[in-house]
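Remarks on the structure that follows.
Just so it is clear, none of the values below were taken in a lab; they were calculated from the coordinates. Computed from a predicted model, the values in this text were never measured in an experiment. Using ideal geometry, Cβ is built from the backbone for each residue, glycine included, and neighbour counts are taken over all protein chains shown.
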Amino acid sequence: MRHEVAVLSADGLLAAADELAELLVDAVAGGASVGFLDPLDRAAAAGWWRAQAPAVRDGRLSVRVARSGGRVMGTVGVTYADKANGRHRAEIGKLLVHREARGRGLGRTLLTAAEEAAAGSGVTLLLLDTQTGSPAEALYRSAGWTAVGVVPGHAADPGGTPRATTFFYKDLAAGADEPAPGPALTAAPAAAPVRGAPASP
C-alpha cells in the first residue's frame, strides 16, 4: 500500500484537524500512551490539534501526515527547541499510525521522514520517550535510537494505570545507523514553507 507523506502548514493543520482527531482517538483506543485517556472525545481531540497551529506557523513544530486513498492514516511531529543553547536539538512526538495500517512499516516511514527533516534543518540531536515495553519502543530500538533510561510510573496508559517510560536519543551528527526503509513513499509538496520541510519534495 502506497502512502503519500506531506508536511502541513498551519492552515493545512487546521483543515486536517478533524481527520487527525479521528487518528488520535483511534490511537488512544488502541492503547497508545500519547498523553490522553480513553475514551477520548473527538471534539476535544480536534481542539488539541487546532491548538498546535500557532506553533506550526511559528516554525516551532513541524507536522507530517501520511495519507492513503485520501485518508489520514498516520502522523508524526518534530518540536524544535526554542532556547538559544538548545537549537541543535528537537523532539519527536505524536508518532501515530491508525490500527488499520499497523504492521506495514508506516511507523518506520514516518519516523524516517521526521529524522531526515530534522537533520535537514540543522538538528543534530533528537529526543523522544515512549511507554516501556510498547511496540513503539521496539521500533525506536530497531531504528538505531539509544535508550537513556527508564522512569517507573512516569505516565498513565489510556486506561489510567501508571506505566514506566523509556527515554531515547539519536545523535544525527554521529552518523547513526540509517533506519531500514519503510513502505513505498510518495512525497507531496508543502502548502507553505515550514521548518523541517523536505528540501526537494
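Please report the antiparallel percentage of the DSSP beta bridges confined to the chain, to the nearest 5. Present the calculation step by step, with values, prior to reporting the outcome.
On the way: 33 of 40 bridges.
About 80 percent, rounded to the nearest 5.
Farthest towards the positive end of the charge dipole of the chain, among the residues Gly133, Gln52, Ala113, is the Cα of Ala113, using unit charges on the Cβ of Lys, Arg, Asp and Glu. How large is the charge dipole for the chain, taken about the Cα centre, if only the Cβ atoms of Lys, Arg (+1) and Asp, Glu (-1) carry charge, to the nearest 20 debye? I would put it at about 180 debye. Taking every alpha-carbon pair under 8 Å whose residues sit at least 6 apart, the chain reaches a relative contact order of 27 percent. Sequentially through region 91-102, phi angles give Karplus couplings (6.51, -1.76, 1.60; θ = phi - 60°) of 10, 7, x, 6, 7, 10, 10, 4, 4, 5, 10, 6 Hz, Gly and Pro residues having no value and appearing as x.
Classify region 1-79 as rounded, prolate or oblate from the Cα gyration tensor: take a ≥ b ≥ c as the square roots of its eigenvalues, call it rounded if a/c is under 1.5, otherwise prolate when a/b beats b/c and oblate if not.
Numbers: a/c = 1.70, a/b = 1.14, b/c = 1.50.
Note, shape of region 1-79 comes out oblate.
Couplings 3J(HN,Hα) of region 24-41, computed from phi: 5, 4, 5, 5, 5, 4, x, x, 6, 8, 10, x, 10, 9, 9, x, 9, 5 Hz, in residue order, whole Hz [Karplus 6.51 cos²θ - 1.76 cosθ + 1.60, θ = phi - 60°; x for Gly and Pro]. What trypsin sites (Lys or Arg not before Pro) in region 48-98 are in a loop by DSSP, with at most 10 other Cβ atoms within 10 Å of the Cβ? The qualifying sites are Lys83.
To the nearest 500 deg cm²/dmol, what mean residue ellipticity at 222 nm is calculated for the chain from DSSP H runs of n ≥ 4 alone, each contributing -39,500 (n - 2.57), summed and divided by the residues? Each step should come with its number before you reach the end.
On the way: 6 runs with 57 residues, N = 201.
The helix contribution divided over the chain gives -8000 deg cm²/dmol.
If you take the Cα centroid of region 47-114 and the Cα centroid of region 127-160, the two points sit 17 Å apart.
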